[in-house]
Every structure is written in C-alpha cells, then in structure tokens.
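These notes are about the structure you will find just below.
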Amino acid sequence: MTKDKLGVGVRAQIEPEQLLELARKSGAEAAEVYQSRSHSQPVFFEANRLKELQSAQSEGTALRLWRDGRPGLAVAYGPCYPEQLVDRALALSQLNEPETIELETGSGISYPDLGETVPVEQLVQWGATAISLLRSSYPEIICTAEWECEVETTRLVNSSGLDSNYTDTTLGCYVAAEWVRGDDFLAVSDGQTQRGRLDPTLVAQQILQRLDWAAQNVQPVVGKVPILFTAKAADMLWGTLQAALNGKRVWEKASPWSDALGNHVTSTEITISQQPQAGPFSCPFDDEGTPTQSRIFIASGVLQQFYTDRATARLLGSTPTGNGFRPGLGSYPTPGLYNWLIQPGYRSLLDMIAGMEEGIIVDQLLGSGPGISGDFSVNLDLAYLVKRGEVVGRVKDTMVAGNVYTALADLVELGGDAQWNGSCFTPSVIVDGLSVTAKL
C-alpha cells in the first residue's frame with residue numbers, strides 16, 4: 001500500500017492481490033477482483049469532413065467478497081484507496097442474505113491476445129474512403145461517421161487460485177447518410193465490428209444499395225405478406241430467442257421453453273450455436289472465470305440446452321456453460337451471451353429478393369423489439385416494397401406486427417449473407433405469418 005508522510009493510505013493503482021489480502025485480513029472467507037482497462041482512439045466525421053480525433057483511457061476494478069456467506073460488491077474507477085474499496089464491499093455484504101459461494105478454481109493463465117491495433121491514420125483513411133464512395137454517387141447526401149480502435153485488457157483473480165487475463169482489440173465503424181428531398185427525409189446507416197481490418201468499400205456499397213432502393217416512395221401492401229428482415233434488422237427476431245434460452249428465465253418459469261428440452265421449438269431450418277473463437281466478439285473466459293465453450297442451443301429446430309452462469313447452473317442441476325457476464329462493472333454476473341451464430345442458408349440477399357412475388361423488406365426499425373412473449377408491433381424506419389422479384393421503392397408510415405415464435409416456426413428461408421450485427425452473426429430471414437398495416 002502506498003502511504004503519505006503521515007502514514008495514511010493514498011490513492012494508487014489497484015493491485016488485485018492486494019485487495020484479496022486486505023479482504024482476507026478483514027474477515028472475508030472468499031473474494032474475487034475483476035479488472036478492466038481500455039484505451040480507445042475514435043475518429044469522428046461530421047458533415048462529410050473529418051471533425052475530431054480522440055484518445056480515451058479508462059480503468060475499473062470490481063471487488064466482490066463474502067463474509068459469513070453474505071456477498072458484497074464495490075467498484076472503483078481509476079486509482080483509489082484500496083482499504084476504502086474493501087470497507088465498502090464489507091458494509092454492503094451485511095445488507096445481503098447468505099448465499100452459496102460460486103468461484104472458479106484454477107491458476108495463472110494468460111490467454112493469447114485477440115486482434116491487432118491499427119494506427120489512427122488508417123482509421124481516417126477508411127472513413128474518408130467510405131464517405132467519398134457515397135458522395136460520388138449521391139453528392140447531395142450528408143454523412144456522419146465514427147471509426148474506432150479499442151484495446152481492452154481483462155483480468156480476473158480470486159481467492160481460489162484463479163488468475164486469468166487476456167487483451168482484446170476490436171475495430172468498429174458506423175456510417176450514416178442523410179438525404180433530404182423536399183419534405184422527405186431519409187437516413188440510412190450501417191457499420192462493422194471486426195478484428196484486423198475494416199472494409200469501407202463494403203460499408204459504402206451496402207448504404208448505396210439502400211439509397212438506390214429508396215429512389216422513390218411507394219404505397220405498401222397490407223395484410224399478411226412475406227417479410228424479409230435483412231441481416232441488419234433480423235436481430236429483432238433472435239433477441240426473443242436469446243431471452244427464452246436464458247437459464248435464469250428458465251428457472252423462474254418465465255421462459256415459454258422451460259419444459260421444452262428435446263422438442264421442436266422453431267423451423268427445422270434453424271440451427272443456433274455459440275462459438276468462443278468466432279468473430280470479433282470471441283473471448284476465452286466469462287466474467288466468473290469459467291472457460292467459454294462451443295455450444296449448440298438449437299439443432300435443426302430442436303432445443304438442445306440453455307445458457308447459464310454458475311449460480312443458475314447449480315439451481316438447474318446442470319454444468320455452467322461459461323455464460324456468466326456482468327451487464328456493468330457494478331453488477332453481479334448473470335446469464336449472458338457473447339457470441340450468437342445462426343447457421344446461414346445459401347442464397348444471396350439479391351437472389352432471395354428475386355424469388356419473392358410480393359412482400360416487404362425490413363432494414364431499420366423504430367422503437368424496442370418484442371420481449372420474451374414474442375409479441376410485437378413495430379414501426380418501420382426503413383423498408384421497401386418488392387413486386388415480382390424487384391424492389392420498386394421505399395414504403396413509409398408502415399408497421400409490422402406478429403409473434404416471433406410463430407414467425408420462426410413459419411420460416412421461409414435463411415439467406416447466405418450472414419454478418420455480425422452486434423454480437424449476433426445472422427443472415428437475412430424471410431418469414432410468413434406477420435401482418436403489415438400502413439397509413440395510406
């Protein structure tokens with residue numbers, strides 16, 4: 001511990017081993033320290049021009065301990081007084097009921113670094129390239145963008161001997177194009193999250209495709225028609241399934257699939273898995289230190305298993321799946337997902353559209369999606385009308401309503417165009433059974 005001339009503890013960089021020792025001396029029978037350090041370099045574009053370069057660093061430490069079986073959690077950001085952090089955690093523990101202590105055992109493991117950094121100059125070049133490609137076809141549009149490289153180091157140490165850490169470097173971008181045509185306003189956005197490199201040309205091409213489709217506004221069809229959710233919009237459907245597979249919801253009997261293991265719950269075309277090493281959201285261990293593992297949740301429509309943290313797995317009488325994650329540094333671990341992969345089909349987005357006689361393409365949504373019940377009614381921020389295999393224009397003032405479980409039971413097709421939408425790797429999806437209403 002660092003001390004001033006009077007022998008009083010001063011703010012210092014927090015060492016996990018020091019916190020564990022202080023917690024032990026204060027009467028805690030078990031403790032863990034979760035530490036996260038990040039450094040990001042975002043590049044901002046506004047009104048088609050480079051606006052700002054930034055560099056940001058942050059550090060957070062979460063101490064969780066148990067005294068007399070009662071858990072207490074305290075958080076500090078940046079340097080702090082280690083004794084005060086331990087005292088806060090102990091004080092909070094007295095307010096909680098005793099619980100079973102769930103700690104991963106192990107030894108020191110440094111996992112290989114994930115991803116690689118790129119210089120700010122490269123981010124600037126990628127951003128300028130994307131905007132140039134967009135405005136070469138549509139000089140009247142106004143573009144904003146953010147391109148970023150973020151390096152995050154995670155370390156988890158506990159009193160059961162575990163000491164695991166890894167460094168994760170991700171690249172991300174977001175590009176938005178605004179097009180004002182008289183009284184008509186159109187905003188199209190897209191982005192990427194990758195490791196190693198970003199593709200400004202692909203981002204620009206995807207936005208240009210949407211701008212081309214929106215060349216004119218048309219009246220939508222209404223009633224029950226096939227709906228094509230692009231990969232960018234399909235996450236709305238999968239979010240409901242993620243909630244239904246949450247082991248905590250299953251234990252609470254809040255999931256409609258609580259008693260459905262081994263049964264068909266979706267179309268046989270759907271297979272959903274979790275792959276620890278796939279894509280930019282891979283990670284070697286969860287926030288409890290449990291090693292992450294490959295898991296198949298739904299195989300050809302049949303429910304195989306749920307995802308859990310350690311406490312939920314014990315309640316369900318199952319093995320932890322490595323899915324104990326903290327919604328925030330000051331939160332307790334709870335079942336969460338880091339990778340969600342839907343096995344894609346074979347046809348491209350354009351080929352899927354060519355096979356539609358009539359229907360709606362949904363690309364951007366307004367408002368929140370459905371909850372675990374699956375029922376929803378959402379406004380379409382960006383959608384298009386398809387007739388005889390061709391996109392004929394943009395539809396406005398339109399809503400889509402229905403039930404996610406029914407839609408995925410009536411699945412028509414999964415596309416071959418899967419991409420990362422957040423931590424969800426999803427293709428485009430065509431479903432039946434949804435209703436379209438519009439202000440005509």
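Fraction of C-alpha pairs exceeding 16 angstrom in region 194-299: 76 percent, rounded to a whole number.
Computed extension length for Ser258-Ala91: 56.4 nm, one decimal, from 0.36 nm per residue of separation with the Cα-Cα distance subtracted.
Using the Cβ-Cβ distance between Ser58 and Glu121 with R0 set to 30 Å, the FRET efficiency works out to roughly 0.80. Determine the alpha carbon to alpha carbon distance for each of Lys51/Lys396; Lys232/Lys253; Lys25/Lys248; Lys224/Lys439; Lys224/Lys248 and list only those over 26 Å. Check vs 26 Å cut-off fails for Lys51/Lys396; Lys232/Lys253; Lys25/Lys248; Lys224/Lys248.
With all protein chains in place and ligands, DNA and RNA left out, the 1.4 Å accessible area ranks Val412, Val429 as Val412, Val429, largest first.
Largest first, the residues Ser40, Ser368 sort by 1.4 Å accessible area into Ser368, Ser40. If R0 equals 41 Å, the separation of the Cβ atoms of Ser40 and Glu390 corresponds to a calculated FRET efficiency of about 0.45. Taking a ≥ b ≥ c as the square roots of the eigenvalues of the Cα gyration tensor, an a/c ratio of 1.5 or more together with a/b larger than b/c marks region 11-91 as prolate.
One chain, two ends: Tyr174 and Glu99. Fully extended at 0.36 nm per residue, the span grows by 22.7 nm beyond their Cα-Cα distance. When DSSP beta bridges are restricted to pairs lying wholly in the chain, around 90% turn out antiparallel. Mean residue ellipticity at 222 nm from the helices of the chain, using -39,500 (n - 2.57) per DSSP H segment of n ≥ 4 over the full residue count, to the nearest 500 deg cm²/dmol? After summing the helix terms and dividing by residue count, I get -6000 deg cm²/dmol. Using C-alpha pairs below 8 Å separated by at least 6 residues, the relative contact order for the chain is 14 percent.
The region of the chain that goes longest without hitting one of the GluC sites (Glu not before Pro) in a DSSP loop, each with at most 16 other Cβ atoms within 10 Å, is 141-251.
Across region 45-201, the volume of the C-alpha convex hull divided among the residues equals 179 Å³ per residue. I'd like the FRET efficiency for Leu366 and Ser107, computed as 1/(1 + (r/R0)^6) with the beta carbon distance as r and R0 of 41 Å, rounded to 0.05. That gives a FRET efficiency of 0.25. Around the amide H of Glu413, modelled in the peptide plane, lie the amide H atoms of Ile430, all under 5 Å away and 5 or more residues distant in sequence or on another chain.
Of the chymotrypsin sites (Phe, Trp or Tyr not before Pro) found in region 153-261, not one falls in a DSSP loop while having at most 13 other beta-carbon atoms within 10 Å.
For region 1-142, the relative contact order comes to 21 percent (Cα pairs under 8 Å, sequence separation of at least 6).
Backbone geometry of region 329-337 corresponds, through the Karplus equation with coefficients 6.51, -1.76 and 1.60 at θ = phi - 60°, to 3J(HN,Hα) couplings of 4, x, 10, 6, x, 8, x, x, 10 Hz, x marking Gly and Pro.
The values are calculated or read from the model by the stated rules, or taken from the named source; none is laboratory data. These numbers were taken from a predicted model, which means no experiment stands behind them. Reconstructed Cβ throughout: ideal geometry from the backbone, glycine too, with neighbour counts over all protein chains shown. SASA here: full protein model, heavy atoms, side chains in, ligands and nucleic acids out. Shrake-Rupley method; radii C 1.70, N 1.55, O 1.52, S 1.80 Å.
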